[in-house]
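Working notes, beginning with the structure itself.
Just so it is clear, none of the values below were taken in a lab; they were calculated from the coordinates. Quantities reported herein were computed from a predicted structural model and do not represent experimental measurements. Note: ideal-geometry Cβ built from the backbone for every residue, glycine included; neighbour counts use all protein chains shown.
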Amino acid sequence: MDDIITLAYGSGGKKTAELIGELLLPAFGNDILGELGDGAILPAEAGERLVMSTDSFVVTPYFFPGGDIGKLSVCGTVNDIAVSGGEPKYLSLAVILEEGIPTEDVRRIVRSIADTAKRARVRIVTGDTKVVEHGKADGIFINTTGIGVLRHPGLSPKAIREGDVVLVSGTVGDHGTCVMLARNENLLRSGIASDCAPLFELTKTLRPLGTDLRVMRDPTRGGVATTLNEFTEGTGLTIELDETAIPVKKEVRSASDILGLDPLYSANEGKILAVVAPERADEALRLLRTVPEGKDAAAIGRVTSSHPGKVVVRTPYGGSRIVIKLAGAQLPRIC
Amino acid sequence: MCLAVPFRLTKVDGVNAVGEKDGVTRDIRVDFLRDPKVGDYVVCHAGFAIERLDAAQAQADLDAWNELEEALATL
Amino acid sequence: MEVCGTHTMAIAKAGIRSLLPPDVELISGPGCPVCVTDQSEIDAILRLSEERNVILATYGDMVRVPGSAAGDSLAARSAKGARVRVVYSPIDALGIARENPDAEIVFLGVGFETTAPGTAAFVKAAKESGLPNVSCLSLLKTCEPVLRALIAEPDFRVDGFLLPGHVSTILGEDGFRFLPEEFGIPAVIGGFEPEDIIVALTRLIRQIRNGEAKIENEYRRAVRPEGNPLARRMIEAVFEPEDSLWRGIGRIPKSGLAIRKEYETIDAKKRFGLVIRETPEPAGCRCGSVIRGAVSPERCPLFGRICTPEEPVGPCMVSSEGACAAAYKYRPAE
């Protein structure tokens with residue numbers, strides 16, 4: 001293949017066949033994909049319901065500490081299925097390449113997709129590639145759509161009740177902070193890495209809770225604060241957060257302080273929020289901590305009805321204040 | 001308008017220095033410090049150290065705050 | 001009254017108002033440099049973003065400040081192709097200039113005395129570097145003139161000031177002595193941890209109750225009585241006072257910092273022939289009154305309904321340190 005991707009690779013002709021045959025197929029080789037049909041024919045499990053999710057990935061830069069756009073594209077969709085109670089099985093992969101992206105970068109990203117898919121135990125069964133003119137895509141855009149089998153039914157924000165406990169599976173704000181620093185090398189130097197990881201095994205640990213697990217969600221864009229607001233909006237319930245209980249890596253705290261960011265609003269790509277019945281909270285924490293992705297799991301809040309529809313935190317000197325959703329993007333500030 | 005954080009100087013070379021805070025580092029300028037040294041704690045705003053932090057005073061402040069916390073807890 | 005956006009935010013976030021005695025009211029004054037930047041200056045910045053080849057280097061705080069036209073801001077311009085780069089330090093603008101020799105890099109110099117020394121060092125470094133494609137738009141303002149202007153207003157009713165810790169690092173206790181000595185107004189310099197602020201306010205309230213008027217320094221770990229003379233010397237070497245427009249207050253003599261003639265090659269106003277024409281605020285916007293401390297955020301008719309962080313009408317809501325943003329983001333649950 002050439003050193004850079006050109007429009008010819010998207011034309012559907014010989015070069016496209018080269019792209020698929022030399023770069024994509026060897027990475028993802030499986031019997032379903034190998035058929036190279038226009039559609040993938042999937043085995044069905046009798047009586048099971050399916051969980052489906054789709055997500056597009058446009059992150060810049062596409063390589064960052066702890067991951068890349070490829071890893072993210074697998075984890076993002078796999079995790080959406082997992083927190084919905086599904087066991088992820090199959091992924092479609094649609095890639096839009098910008099003319100001029102180095103082929104070696106594409107190889108790296110594809111390898112990352114393959115490695116992550118293997119780790120997440122999903123198969124890439126169908127896909128598509130297009131190439132657009134220079135300037136029309138930030139190097140590479142990816143869409144993945146996933147199908148899984150429902151294993152843990154009944155999960156929904158509507159199941160949340162007063163008295164429930166809110167858990168987080170680990171440290172907060174890693175991914176968002178990492179990407180902000182990666183966008184601008186002059187900003188700060190740190191060891192902060194994205195927490196991007198496939199989370200099916202983590203969500204599986206909570207299976208024994210049955211309906212005592214009310215809902216799970218992965219707090220991506222907008223962070224923990226925004227996701228928790230999604231749970232309470234329009235309901236008579238409140239989530240009272242204990243800010244001191246929220247685990248934050250020292251470096252993430254430090255970088256956030258310097259730049260004027262708030263980890264509560266920074267994206268996470270390897271964490272879940274879970275709301276559980278109070279009598280099962282300790283057990284849930286113990287279960288989460290049995291896998292590496294859940295080692296820093298902590299209880300961070302309680303569901304009450306004190307301020308319907310809102311998320312609140314206690315201030316250090318009595319009284320409480322509201323935690324709002326994120327409005328606009330966080331930007332580094334001097335003030 | 002005063003968002004500034006304490007950094008510890010890990011390297012000093014004329015007006016250029018490297019500051020570190022809990023594992024995060026950044027190039028900062030020390031034009032406004034008299035005789036900056038490695039190990040100094042400085043208040044850094046928008047990439048410039050605006051003053052050296054008096055460690056003894058900082059410790060005294062922390063001690064006083066502990067008393068304050070205890071007093072407020074009784075409220 | 002507090003006159004520092006970082007204090008505004010810290011007080012709101014820690015819920016310190018709930019600790020104050022019932023006869024004490026804490027007002028936010030002109031402490032947010034983005035908020036006090038006049039509408040005409042914002043519009044001049046937006047016009048600059050239209051110039052061919054210009055890359056604006058700016059602190060993140062300025063990106064979403066609304067211009068006079070509805071929906072206009074640097075963020076909106078950036079979506080239409082204007083080149084806006086967020087920087088943490090003015091020095092980073094030099095790097096951008098080196099990396100982009102075909103572009104004209106303009107650094108937006110917003111801030112008070114805390115930011116002025118670094119901005120001055122940048123202007124000096126820019127001139128010494130010989131780079132032909134970098135300049136600074138100075139929108140810097142100074143504290144003393146605006147405090148004097150507030151005190152001179154007929155409806156001035158403030159009994160004491162909580163002074164900005166990091167501006168005080170530069171100006172020192174000496175820089176604010178005019179408050180007790182000329183006007184009999186007590187003032188306490190405070191740091192930014194909640195404990196700093198509580199101790200500073202306690203001392204201020206005690207002075208007011210005892211009828212005293214002096215400068216006290218709660219932030220001694222970072223503020224010396226004489227301030228930072230090296231920093232002030234750098235400011236004086238590069239800048240000179242000029243009249244400046246403050247949102248909601250109008251023209252205050254000698255309250256801004258203009259780039260001196262020796263550095264005029266780095267002065268964006270000269271390079272681009274920028275003219276700052278007085279402009280009215282957006283209709284209904286009460287930012288001017290909020291900045292002066294005459295109206296609290298909650299009393300602005302637009303607050304929280306028409307003017308929100310998602311759709312701000314004025315800078316007080318969009319700035320990360322605006323009084324309205326603090327009131328909205330950290331509003332009490334009760």
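Centre-to-centre, using Cα atoms only, the range A:54-116 and the range C:169-241 are separated by 53 Å. Taking A:145, A:171, A:54 as the candidate residues, the one with maximal mean-square fluctuation in a Gaussian network model of chain A, Cα springs under 10 Å, is A:54. Of A:78, A:275, A:110, which has the largest mean-square fluctuation in a 10 Å C-alpha GNM of chain A? Of the options given, A:110 has the highest mean-square fluctuation.
The relative contact order of the range C:1-275 comes to 20 percent, based on Cα pairs under 8 Å that sit 6 or more residues apart.
Per-residue shielding of B:47-59, expressed as the average number of other chain Cβ atoms within 10 Å of the residue Cβ, stands at 6.
Taking 0.890 mPa s as the viscosity and 25 °C as the temperature, the Stokes-Einstein diffusion coefficient of chain A based on its alpha-carbon Kirkwood radius rounds to 117 µm²/s.
Taken as Cα centroids, the range A:1-29 and the range A:229-286 sit 43 Å apart, rounded to the nearest whole angstrom.
Averaged over the residues of C:323-333, the number of partner chain Cβ atoms lying within 10 Å of the residue Cβ comes to 4. Cβ crowding within 10 Å ranks C:168, A:305 as A:305, C:168, fewest other Cβ atoms first. Placing unit charges on each Cβ (+1 for Lys and Arg, -1 for Asp and Glu) gives chain C a dipole about its Cα centre, and among C:230, C:296, C:65 the Cα reaching farthest toward its positive end belongs to C:65.
Max-minus-min Cα coordinates of the range C:176-334 on each principal axis give 52, 46, 27 Å, with the largest extent listed first. Cβ crowding within 10 Å, taken as a proxy for footprinting-reagent exposure, orders C:128, A:269 from fewest neighbours to most as C:128, A:269.
Arrange C:24, C:123 by Cβ neighbour counts within 10 Å, fewest through most, would you?
On the way: C:24 15, C:123 28.
Ranking C:24, C:123 by Cβ neighbours within 10 Å, fewest first, gives C:24, C:123.
With N counted as the residues of the range C:105-164, its alpha-carbon radius of gyration over 2.2 N^0.38 Å works out to 1.58. Computed over chain A with a Gaussian network model linking Cα atoms closer than 10 Å, the most mobile of A:120, A:40, A:297 is A:40.
Computed over the range A:7-150, the alpha-carbon pair-distance distribution with 10 angstrom bins reads 12, 43, 34, 10, 1, each value a whole percent.
Counting only alpha carbon atoms, the long axis of helix C:5-14 and the longest principal axis of chain C meet at about 50°. Counting Cβ atoms of other protein chains within 10 Å of each Cβ in C:79-91 and taking the mean gives 4.
The count of lysine pairs in chain C that are at least 8 places apart or cross chains, and whose C-alpha atoms lie under 26 Å apart, stands at 22. Shown for the protein assembly as shown is the translational diffusion coefficient from the Stokes-Einstein equation, using the Kirkwood radius over Cα pairs, a temperature of 37 °C and a viscosity of 0.692 mPa s: 118 µm²/s. Please give the residues of the range C:149-181, grouped as numeric ranges, whose backbone N is less than 18 Å from a label point set 7 Å along the Cα-to-Cβ vector of residue C:226. So the set is C:168-177. Using just its DSSP H runs of length 4 or more, each adding -39500 (n - 2.57), the protein assembly as shown gives a mean residue ellipticity at 222 nm of -8500 deg cm²/dmol after division by all residues.
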